[in-house]
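Let me begin by handing over the structure; questions about it come next.
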Amino acid sequence: MEKDKNLNKKYAPIIRKSKEWPVVLLSKNRKAFLEQVTEESFQKIKNLRSSKSALIEELETTLYRERLRVKRNPWKVDPKDEKKFWDNIKTRLVNVANDDDDDEDKILRDIIARYAGEISGNFKPSRYRVTRELVKFGFGRLLNASRLKTVSGLFRNKYSLQDKIQITGEVEQLRSLASKGTVILVPTHFSNLDSILIGWIIHILGLPPFIYGAGLNLFNIRIIAYFMNSLGAYKVDRRKKNLAYIETLKTYSKLALQQGAHSLFFPGGTRSRSGKIESQLKLGLLGSAMEAQRSLYANGNNETEGKIYIVPVTINYNYVLEAPVLINEYLKRKGQERYYVENDHLSTSYKIVKFLFKFFAKGSDIAISIGGAMDILGNKVDTDGHSQDTQGRKINTRDYFITEGEVTGNKQRETEYTRMLSKAIVKEYHKINRVFASHLVAFVAYQILRKRHEKLDLYNFLRIPEEDLTIEYEYFKKEVERIRKEIFTLEIKGELTTAPHLHEDLDRMIKSGINNVGMYHDKRPLLKSRRRGLIITQNINTLYFYHNRMEGYDLEKHF
């Protein structure tokens, strides 16, 4: 792992001319690309629903679900003709049943074409450049105003966004591979700010713009929608669970990769409701990457041409604005096994700006950790893009897709490869995770309290009155010191990384951790009572959320 870097360093663009960016080339041929997405998706669904009766049944199921969505869960960002479109599909399906002029194949194509148009991004280099400068200027002004605690700070340049965000890890390898093949960044996902943050990081590292799937719900918020549209986002509507939409989305992602568009996936599928680093990844978009790699090999590309590289990234925050909402959704779902409705704490442009001001005012840092790159099977790759086995010997990824001398598709085989890739990503997440003092103090406090009441199940424990959830500071301090030593041992073994402030004087480190954890929330997950010398919590649920960041390292056994 490379030494820590601060983003004040300037990275030269690896592709200087915007007209040569893969995402620009994709946008120039948007109409032809969407036609290709429509046709390939159509053929996939026809293969899966090969008989007329099976296809009509699938179309009827799609119609039922979509009309239900339009009625029960509409969003502002939905097309204005939603009801009209699906009413028309209903009429056409009746005609098919009556053997009138319309046919089921044409209906399916029309539905897929609509989905492809909804999903598609509309990237324009001019808007990208403007948005990039707006992010840099706007965040910089907020940072100066909040740090200097005066409106005049809006016009000062004492602090830059680079002072706020640090980057660590395999930056040079990432830049090298982005000039050799197609890169897929796969970050952890904790906040709605992640997409904008990663988009800015991509620019700072001198990489060309990436395309990425962003939840359609985010486009309900005008300020985020502008940034998303300008930074290369395509839309993912998680309300739509029907086969036609899922196949269209996967095909869109696959074909974009085949055309060399660097991509960003959040493989957890959505923000982590529990606060844990993702351990169970969604295999759909990763599977589309697998298909893309196989198709590239089938089209004549060799091991060094058209190769796809997977690069895990962890985003490390001291606090997450949406934490109280997210953890409550997680607990409700875990306890009742019921579907939950997406509930966004960042629901308006005003709340976004208010949050950003407070975020910068608190001086809380963010760390972006770039993991080691791997191939589509989860094997490590070197800076030149060569895959390596566990002994460091070069291997040819193409060989894994060959049957009887030919590159062939095999669903069962590729599903297993995708699982292998998923496990490798999760393992890398934990290795590159950067432990903050806020993570440590939240973990220790929660574990101490949980051990005291270990006979209670989780839900009864979380109902304990706040006055019964206190810890003597000296005892807390000893436990923090003991667990900190275990964390340093894990770091030596290469199983995680730590922020520099974790090595400070113990009392100062604890104070920093308590001050930073959940600093924005009205009810703080952790506080020190000066009068009584106690560690207290005002919200055990959010303490649980921040504690969960340290799960997966078996540190619980030390209590």
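Any chance you could run the full-extension gain for ARG238 through ASP365? It's 0.36 nm times the residue separation minus the Cα-Cα distance, nm to one decimal.
Numbers: separation 127, 0.36 × 127 = 45.72 nm, distance 3.10 nm.
Stretched fully, the ARG238-ASP365 segment lengthens by 42.6 nm.
Relative contact order, percent, of region 183-292 when contacts are C-alpha pairs under 8 Å separated by at least 6 residues? Could you put the intermediate results ahead of the total?
Working: 125 pairs, mean separation 40.5, N = 110.
Averaging sequence separation for qualifying contacts and normalising by length gives 37 percent for region 183-292.
Report D for region 17-142 in µm² per second (integer): Stokes-Einstein, Kirkwood Rh on Cα pairs, 37 °C, 0.692 mPa s. Walk me through the numbers on the way to the answer.
On the way: Rh = 17.5 Å.
In µm²/s, the coefficient rounds to 188.
Follow-up question, since we're still on this one. Report the extension gain between GLU491 and GLU504 in nm, rounded to one decimal, defined as 0.36 nm multiplied by the number of residues separating them, less their alpha carbon distance.
Net length gain for the segment: 3.1 nm.
While we're here: Tell me the carbon and sulfur percent of the accessible area for the chain, rounded to whole percent, probe radius 1.4 Å. It would help to have the intermediate numbers written out before the result.
Details: 12450 of 25410 Å².
On the chain, the fraction of accessible area on carbon and sulfur atoms equals 49 percent.
Still on this structure: Can you match Cα Rg over 2.2 N^0.38 Å to one of these, [x] 0.95; [y] 0.91; [z] 1.02, based on a calculation from the structure here?
Here the calculated entry is [z].
Okay, next question. With a 10 Å radius around each residue's Cβ, average the other Cβ atoms per peptide and rank 199-209, 379-389, 399-409, highest first. Walk me through the numbers before you get to the answer.
On the way: 199-209: 21.7, 379-389: 16.8, 399-409: 12.4.
Output ranking for 199-209, 379-389, 399-409: 199-209, 379-389, 399-409.
Let me ask something else. What angle, in degrees between 0 and 90 and rounded to the nearest 10, separates the Cα long axis of helix 473-492 from the longest principal axis of the Cα atoms of the chain?
So the inclination is approximately 50 degrees.
Quick check for you: with a 1.4 Å probe and neighbouring chains kept, what is the accessible area per residue of the chain, in Å²? Write out the running numbers ahead of the final one.
Working: 25410 Å² over 559 residues.
Averaged over the residues of the chain, the accessible area is 45 Å².
Sorted from largest to smallest, which semi-axis lengths in Å does the alpha carbon gyration tensor of region 169-321 give for its equivalent ellipsoid, taking the root of 5 times each eigenvalue? Before the final figure, lay out each step's value.
Details: eigenvalues 117, 75, 44 Å².
The equivalent ellipsoid of region 169-321 has semi-axes of 24, 19, 15 Å.
Continuing with this model, one more query. Enter the angle in degrees (range 0 to 90, nearest 10) between the Cα long axis of helix 437-452 and the first principal axis of the Cα atoms of the chain, meaning the one along which they spread out most.
Between helix and principal axis, roughly 80 degrees.
Counting pairs of alpha carbon atoms under 8 Å apart in space and at least six apart in sequence, what relative contact order in percent does the chain give? Each step should come with its number before you reach the end.
On the way: 879 pairs, mean separation 90.4, N = 559.
It rounds to 16 percent for the chain.
Mind pulling the per residue volume of the convex hull built on the Cα atoms of region 242-292? Å³ is fine.
86
Which number do you get for Rg(Cα) / (2.2 N^0.38 Å) in region 411-549? Working shown, then result.
Details: Rg = 17.5 Å, N = 139, 2.2 N^0.38 = 14.3 Å.
Taking the Cα Rg and dividing by 2.2 N^0.38 Å, one obtains 1.22.
Compare the peptides 291-303, 241-253 by average per-residue count of other Cβ atoms within 10 angstrom and give them in order, highest first.
Details: 291-303: 18.4, 241-253: 22.2.
Highest mean packing first, the order is 241-253, 291-303.
What is the helix-to-structure angle for 284-298, meaning the angle in degrees between its Cα long axis and the longest Cα principal axis of the chain, kept from 0 to 90 and rounded to the nearest 10?
50
If you don't mind, there's one more thing I want to ask. Residues with beta-carbon under 14 Å from that of THR188, excluding THR188: net charge, scoring Lys, Arg +1 and Asp, Glu -1?
+4
Name the long-range amide H neighbours of ILE395: under 5 Å, sequence gap of 5 or more, or other chain; modelled H, no Pro or chain starts.
SER387, GLN388, ASP389
Also: Quickly rank 464-471, 19-26 as a protection proxy: mean count of other C-beta atoms within 10 Å, highest first.
Ranking the peptides 464-471, 19-26 by packing returns 19-26, 464-471.
At 222 nm, what helix-only mean residue ellipticity would the chain give, in deg cm²/dmol to the nearest 500, using -39500 (n - 2.57) for each DSSP H run of four or more?
Working: 19 runs with 270 residues, N = 559.
Value at 222 nm, helices only: -15500 deg cm²/dmol.
The values are calculated or read from the model by the stated rules, or taken from the named source; none is laboratory data. The shown structure was predicted, so the numbers you read here are calculated from the model rather than taken from an experiment. A quick note on method: Cβ atoms are made from the backbone with ideal geometry, for glycine too, and the neighbour counts reach across all protein chains shown. Side chains included, ligands, DNA and RNA excluded: accessible areas come from the protein's heavy atoms. Shrake-Rupley method; radii C 1.70, N 1.55, O 1.52, S 1.80 Å.
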